[in-house]
1. Let's test the formula: R0 of 51 Å, r as the Cβ-Cβ distance of residue 290 and residue 79. What FRET efficiency results, to the nearest 0.05?
2. Loop-only chymotrypsin sites (Phe, Trp or Tyr not before Pro) in the range 283-371, please: DSSP not H, G, I, E or B, and at most 15 other Cβ atoms within 10 Å.
3. To the nearest 20 Debye, how big is the dipole of the range 267-353 about its Cα centre, given +1 on the beta carbon of each Lys and Arg and -1 on that of each Asp and Glu?
4. Full extension from residue 241 to residue 191: what is 0.36 nm times the residue separation minus their Cα-Cα distance, to one decimal in nm?
5. At a Förster radius of 22 Å, what calculated FRET efficiency corresponds to the Cβ-Cβ distance of residue 351 and residue 301, to the nearest 0.05?
6. Output ³J(HN,Hα) for the range 298-305: one whole-Hz value per residue in order, computed from phi by the Karplus curve 6.51 cos²θ - 1.76 cosθ + 1.60 with θ = phi - 60°, and x for Gly and Pro.
7. Quick one: net charge around residue 78, please, counting Lys, Arg +1 and Asp, Glu -1 for every other residue with C-beta under 9 Å from its C-beta.
8. Taking every DSSP beta bridge with both residues inside the chain, roughly what % is antiparallel (nearest 5)?
Amino acid sequence: MSETAEVLEAISAFHSDGRKIALATIVGVNGSTYRRPGARLLVAEDGKMVGNLSGGCLEGEVHGVAQIVMESGESRLELYDLTADDEVVWGWGLGCNGAIEVFIEPADKAVELAGAIRRAIDEARPVVAAAVLESSAPGIEPGARLLVEENGEFSGTLGRGVDDQKVAEEALRSLAESETVAREVELSEGTARIFFESIEPPPRLMICGAGHDSIPVAAAAAGLGWRVEVVDDRESLLNRERYPGAQRFVNCPPADVATAADVDERTFAVVMSHNYLRDKDYLRGLYDSRATYVGMLGPKARLERLLGDLATEGVAPTKEQLRRIHGPAGLDIGAEGPEEIAAAIIAEILSLARGRNAGFLKDRNEPIHPRRQQPAVAT
């Protein structure tokens, strides 16, 4: 389960238990920080916390503010400036050198939309959560929310229909740019600073071949909150005992995988049946599909032979289709054994999903993360 899904689930569970809760969300950063906008920490009145904002640096401080928010019922917008060279900052034991803006609110205001966001994640629907941080517009209070679908439909309200529609349009702009950012929006009466969080569906990993070494691949992906699906023509291998984190099993002939499994552009497929003829049929079924990535286990010579055999059968992938085929699958980290190979494959898929080229961070001359988001409060 992803951290986002875990926090959203905890909001509903704690609320059902009748516990007071506060939700802290990073809404702006400046400089080098451990977490980015959208990171959450849920605090319950009994002290239990779910999620994190700073890897442990600020959680204690935010916990104290959260207790005040739970008692008062009023949201707070806090700035933690980690750039100051003084005893307070060093006393926190911080490992970063930036400023973090955190919105802390009574989480019961977000219960209904938290459930809606969870459903959107489960159903693989991209959405934008728009939350008011500050407002000069009458009747529009901090914590008011909209959840906006990619087709423009939305749920929730800020307080006035005409402003809801305008904010929904702004949310679609954030979704188109895959951005999570806080910005000022002119409303019918006054302005509001609104945090737009683009929530993309998790990567969809489709494992073709339910052999023993596919189990750690599925477990690693499930641990990251990805949607895991396992495909095989041997139904006896497709079960929860082998793949407790899988969301779906598809029992079909290998050549029918694209249609039987509804392969789309979010699909990252890994072919690992270890049977040459099965792998050839999986490749036949996937090369012309919409899959973003087709990883092939085994040496490069084996893939070249598979492609050569398909070519003699009239199946000749284009350059674009070949670009999506990765064989051998995984990053070059010297992996040995199923667990390490699984790590190499998952890392390669993650780098592609994030538009990165992997490599050593020490060789990167740019910031690790884009720095488009800036806190509005002066640092």
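The values are calculated or read from the model by the stated rules, or taken from the named source; none is laboratory data. Everything numeric here is computed off the predicted structure, so don't read it as measured data. Reconstructed Cβ throughout: ideal geometry from the backbone, glycine too, with neighbour counts over all protein chains shown. Side chains are part of the model used for accessible areas, which takes the heavy atoms of the whole protein and leaves out ligands, DNA and RNA. Shrake-Rupley method; radii C 1.70, N 1.55, O 1.52, S 1.80 Å.
1. 0.70
2. Passing sites in the range 283-371 are 360.
3. Charge dipole, the range 267-353, about its Cα centre: 320 debye, nearest 20.
4. 12.6 nm
5. Efficiency, from the Cβ-Cβ distance: 0.35.
6. Coupling constants for the range 298-305: x, x, 4, 4, 5, 4, 4, 5 Hz.
7. Around residue 78, the surrounding residues sum to -1.
8. 70 percent
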